[in-house]
Amino acid sequence: MSYFNNLPLLRGGLESTDAYATVTSLLSTSTRHLFESKTSDEVFMNLAIQAARRAESCVLPNPKVGALITYGDKIVGEGFHSGPGQPHAEVEAIRDAESKGFHDFSKATLYCSLEPCSHVNKRTPPCAPIIASKNFKRVVIAHQDPNPLVSGRGIEIIRAAGIDVCTGCLQSDAETMNQAFLKNQIHRLPYITLKIALTFDGKMADDKGKSQWITGEPARHLVHRLRSQADSLGVGSGTIDADDPQLNVRLPSGNLQRKIVIFGNPKARVRSLRAAKANGLENIIQIPSKKSLKTSLRHLYRDHKICHLFIEGGAGLASSFLEKNLVDELVLIYGRGIVGGVGKFSLLRKSKRSLGQTISFTPHHVELLGSDVIMRGLKNVYRSH
Ligand code: AOF
Ligand code: ZN
């Protein structure tokens, strides 16, 4: 996670004050030396990455992309991609600069958190030829677009126009932001997040199977935010039968529709399907239980365009995904209560693993939320090449 992630995004046109100085003045004296050890390219690229993060919720199948245009040390334009069918970040940044009266890009630098696209026959025109035609002095790119239709061609187009191109600036920060997109493009599979609520002593439910509620209200709000980052929600048929979950995405800005994927045996699925429909859920996809999970995931990506599956419950589904090593990110939410008992609802209940054979995640985020503890761990990290 980048040190700069919490800096406010600077806005400004030709009249903007020295952006570099403004950012440094926002920092306390104790942190300023860290900032100053970054190059100005990294400072501006970080702002482009922050711009990309302004896309609300999930933009999949597209990546989150931000772009920034500087002239000397002033920011003269910025843009981000807000979703499929919408203009790309670079085009937005150029438009922003032009709307402020900036038209001569021959002394300007463009910062792109992703290689500008080069391919045609898609929703929007390719960005690389537009950038080439604007005759920028320099283009700084965080990383190559892993989309096989781009994959270096955007960079070639811009270089061929005689523009100085620099790549790899804050590459890993930009890649971290687009893990689902990278996995989709490289492996043709959906990115999998598994969320599990656990009691303080690590149980998924009490001995009667009740899990409502292990965690408090703030953590349940967080779950809605996490759901909004995915394009689909996955659940076992048993959980629909037992808990009758609403599986919706409620945000302060409104409610979002997500595709629902129900895993489970066919009989249970018929029951759960009725329950789900009675709850007003639409866009429900059922997974034939005979197929392997990996095959099902390929099918979900190829035929249903599912790019990021957010899986919640139940214990059986969570265990299957974990055992088959299909989880990319694990989100554990620990409530404050201890339930004790025999552990009928512990994770991987049937596992006979020894300590030398654990399924390990690399923790990357720990947070106290109300009286709950959030722990996030990564299994796989996807890189652009
Ligand atoms: C960019 N800038 O902001 C984005 C890029 O269907 P389209 O026209 O939106 O194109 C989607 C593809 O373009 C996507 O798969 C990825 O390769 C690239 N996304 N490229 O230059 C952007 N969002
Ligand atoms: Zn583009």
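The values are calculated or read from the model by the stated rules, or taken from the named source; none is laboratory data. Please read all numbers here as calculations on a predicted model, not as lab measurements. FYI the Cβ positions are ideal-geometry reconstructions off the backbone, even for glycines, and counts take in every protein chain you see. For the accessible areas, the whole protein counts, side chains as well, though only heavy atoms, and no ligand, DNA or RNA atoms are used. Shrake-Rupley method; radii C 1.70, N 1.55, O 1.52, S 1.80 Å.
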Condition set crowded, with 16+ Cβ neighbours inside 10 Å and free of Cβ contacts under 8 Å to residues at least 60 places away in the same chain, scope the range 327-377, selection nearest to SER211 (Cα to Cα): answer is VAL373
Query raised in the report: Based on what the data block shows, is ALA197 open to solvent by 10 Å² or more (accessible area, probe 1.4 Å) and under 26 Å from VAL381 (Cα atoms)?
Result: yes
For GLN179, the lone unmet condition from (1) on the phi < 0 side of the Ramachandran plot; (2) within 16 Å of ligand 2 (Cβ to nearest atom) is (2)
Subset of the range 273-323, residues of a type in the set (Asp, Glu) and touching a helix residue (DSSP H, G or I) at 6+ places or on another chain (Cβ under 6 Å), comes to none
The residue that is nearest to ligand 2 (Cβ to nearest atom), considering only those in the range 64-109 that are open to solvent by 40 Å² or more (accessible area, probe 1.4 Å) and assigned to a strand (DSSP E or B), is PHE80
* Tell me, please, whether a residue that is away from ligand 2 (no atom under 16 Å from the Cβ), modelled with pLDDT of 95 or more and part of a helix (DSSP H, G or I) can be found in the range 127-135. => no
Counting only residues that are closer than 13 Å to GLU90 by Cα and of a type in the set (S, T, N, Q), the range 43-77 contains a total of 1
Note: among SER172, SER151, just one is open to solvent by 20 Å² or more (accessible area, probe 1.4 Å) and not in a helix (DSSP H, G or I), namely SER151
With criteria (1) within 16 Å of ligand 1 (Cβ to nearest atom); (2) open to solvent by 30 Å² or more (accessible area, probe 1.4 Å), ASN178 comes up short on (2)
Cβ pairs under 6 Å, 6+ apart or interchain, first in the range 224-238 and closer than 17 Å to GLY254 by Cβ and in a helix (DSSP H, G or I), second charged (D, E, K, R) and at pLDDT below 95, ordered by first then second residue, are HIS224/ARG250
Sole miss for CYS117 among (1) over 30 Å from PRO252 (Cα atoms); (2) more than 14 Å from ligand 2 (Cβ to nearest atom); (3) outside any helix (DSSP H, G or I) is condition (2)
Across the range 346-365, the tally of residues that are of a type in the set (A, V, I, L, M, F, W, C) and more than 25 Å from ASP206 (Cα to Cα) stands at 2
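Condition check ((1) without any contact (Cβ under 8 Å) to a residue 24 or more places away in the chain; (2) closer than 20 Å to SER40 by Cβ; (3) more than 8 Å from ligand 1 (Cβ to nearest atom)) across all residues:
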{"site": "CYS112", "(1), (2), (3)": "no, yes, no"}
{"site": "PRO129", "(1), (2), (3)": "no, no, yes"}
{"site": "ASN147", "(1), (2), (3)": "no, no, no"}
{"site": "ILE155", "(1), (2), (3)": "no, no, yes"}
